[in-house]
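Q: Please find one structure pasted underneath; my questions will follow.
The values are calculated or read from the model by the stated rules, or taken from the named source; none is laboratory data. For clarity, every value in this text was computed on a predicted model and none was experimentally measured. Glycine also receives a Cβ, built like all others from the backbone with ideal geometry; neighbour counts cover every protein chain displayed. Quick note on the areas: whole protein, heavy atoms, side chains included, nothing else; ligands and nucleic acids left out. Shrake-Rupley method; radii C 1.70, N 1.55, O 1.52, S 1.80 Å.
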Amino acid sequence: MARRQVIALYLLAANAPDLDFIPGLMVGEPNRFHHGVSHSIGLALLFAIAVSLLLRLRQSEWRWKPFLVFLGLYLSHLLLDYFAEDHSAPYGVPLFWPASPAYYMSPVPLFSDIHRSNATADFFPSLFSAHNLWSVSLECLVIVPFLLLACALMKRMRSESR
């Protein structure tokens, strides 16, 4: 698989929980289904299994690495949403669905919420605001050092295994 395809697949995995906007956009209320079951560990597991099985079609055997990578990417989104302010119902994320329908939100939010319109015509333009740019920038400032550390550790492990 080409490097661009891998990066695109990783970006899709990290943002897959927000695909719950699609049914809302189709019914004219983009936020209607947001922070539903797609924001749960249960769906993260199903997503990682499904993508790993699809990738297995290209390989001869099951490999744990793709499963763990896609699970980690999906879970990173849930973690960021858990630690973000949430000013619209349902508040928080249903982390432990299907085991529990309860919603969870950090008592001490680290990130600001993302402002977005609930009108289909204004939804995408509303995402491009100074507030949202600032919110995403702060999330990147927190997560990028961890990504760099993970890349450095992987590079070190590869060089030691040679």
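Q: Could you pull the accessible area for residue 158 with a 1.4 Å probe, rounded to 10 Å²?
A: 120 Å²
Q: Among the GluC sites (Glu not before Pro) in region 59-140, which ones are in a DSSP loop with at most 13 other Cβ atoms within 10 Å of the Cβ? Mind listing them? Mind showing how you got there, number by number?
A: Numbers: sites: 61, 85, 139; in loops: 61, 85.
Answer in residue order: 61.
Q: At what distance in nm do the modelled label points of residue 18 and residue 142 sit from each other, each positioned 7 Å from its Cα along Cα→Cβ?
A: About 1.5 nm, to one decimal.
Q: Same structure, new question: With label points built 7 Å along Cα→Cβ from the Cα atoms of residue 162 and residue 112, find their separation and express it in nm.
A: 4.5 nm
Q: Further question on the same structure: For residue 104, enumerate residues with amide H under 5 Å from its amide H, sequence gap 5+ or separate chain, H modeled in the peptide plane.
A: 93, 95
Q: Which whole-number percent is the relative contact order of the chain (Cα, under 8 Å, 6+ apart)? Provide the component values of the computation, followed by the final result.
A: Working: 183 pairs, mean separation 31.1, N = 162.
In percent, rounded to a whole number, it is 19.
Q: Find, to one decimal place in angstroms, the Kirkwood hydrodynamic radius of the chain, where the mean of 1/r is taken over every pair of different Cα atoms and then inverted.
A: The answer is 17.4 Å.
Q: Quick one: net charge of residue 110's neighbours, Cβ under 10 Å, K/R +1, D/E -1?
A: Values: positive: none; negative: 85, 139.
Within the 10 Å Cβ shell, the charges total -2.
Q: For region 76-140, what class follows from the C-alpha gyration tensor (a ≥ b ≥ c being the square roots of its eigenvalues): rounded when a/c is under 1.5, otherwise prolate if a/b is larger than b/c, else oblate?
A: On the way: a/c = 2.44, a/b = 1.46, b/c = 1.67.
Judged from the Cα gyration tensor, region 76-140 comes out oblate (a/c at least 1.5, b/c at or above a/b).
Q: Related question: How would you classify region 1-97 from its alpha-carbon gyration tensor, with a ≥ b ≥ c the square roots of the eigenvalues: rounded for a/c under 1.5, else prolate if a/b is greater than b/c, otherwise oblate? Spell out each step's value before the answer.
A: Numbers: a/c = 2.27, a/b = 1.85, b/c = 1.23.
Verdict is prolate for region 1-97.
Q: Would you please state which residues of region 75-117 a label at residue 132 would reach in this model, taking the label point 7 Å out along Cα→Cβ and a backbone N cut-off of under 11 Å?
A: 114-117, by backbone N distance to the label point.
Q: Oh, and also: Quick check: the distance between the Cα centres of region 30-82 and region 83-162, to the nearest angstrom?
A: When both Cα centres are located, 15 Å separates them.
Q: Now, a different point. Return the loop-located chymotrypsin sites (Phe, Trp or Tyr not before Pro) in region 14-108 (DSSP other than H, G, I, E, B) with at most 12 other Cβ atoms within 10 Å of their own Cβ; answer none if there are none. Please list the in-between numbers first.
A: Values: sites: 21, 33, 47, 62, 64, 67, 70, 74, 82, 83, 91, 96, 103, 104; in loops: 33, 62, 83, 91, 96, 103.
Listed in order of number, the matching sites are 62, 91.
Q: Ignoring ligands, DNA and RNA, what percent of the accessible area of region 46-92 is carbon or sulfur (1.4 Å)? Write down the numbers at each step before the final one.
A: Details: 1950 of 2920 Å².
Taking all protein chains in place, region 46-92 shows 67 percent carbon and sulfur surface.
Q: Connecting C-alpha atoms closer than 10 Å in a GNM of the chain, tell me which of 112, 135, 88 has the biggest fluctuation.
A: In this elastic network of the chain, the residue with the biggest mean-square fluctuation among 112, 135, 88 is 88.
Q: What is the extension gain from residue 64 to residue 91, computed as 0.36 nm multiplied by their sequence separation minus the C-alpha to C-alpha distance, in nm to one decimal? Could you put the intermediate results ahead of the total?
A: Values: separation 27, 0.36 × 27 = 9.72 nm, distance 3.36 nm.
The span from residue 64 to residue 91 would gain 6.4 nm if fully extended.
Q: Residue separation times 0.36 nm, minus the C-alpha to C-alpha distance between residue 121 and residue 7: what's the value?
A: Numbers: separation 114, 0.36 × 114 = 41.04 nm, distance 2.96 nm.
Here the segment from residue 121 to residue 7 would lengthen by 38.1 nm.
Q: At a 1.4 Å probe radius, which order do 86, 122 fall into by accessible area, largest first?
A: Numbers: 86 25, 122 85 Å².
The most accessible residue leads, giving 122, 86.
Q: For region 33-75, what does the accessible surface come to per residue with a 1.4 Å probe? Please give it in Å². Please list the in-between numbers first.
A: Values: 2460 Å² over 43 residues.
On a per-residue basis, 57 Å².
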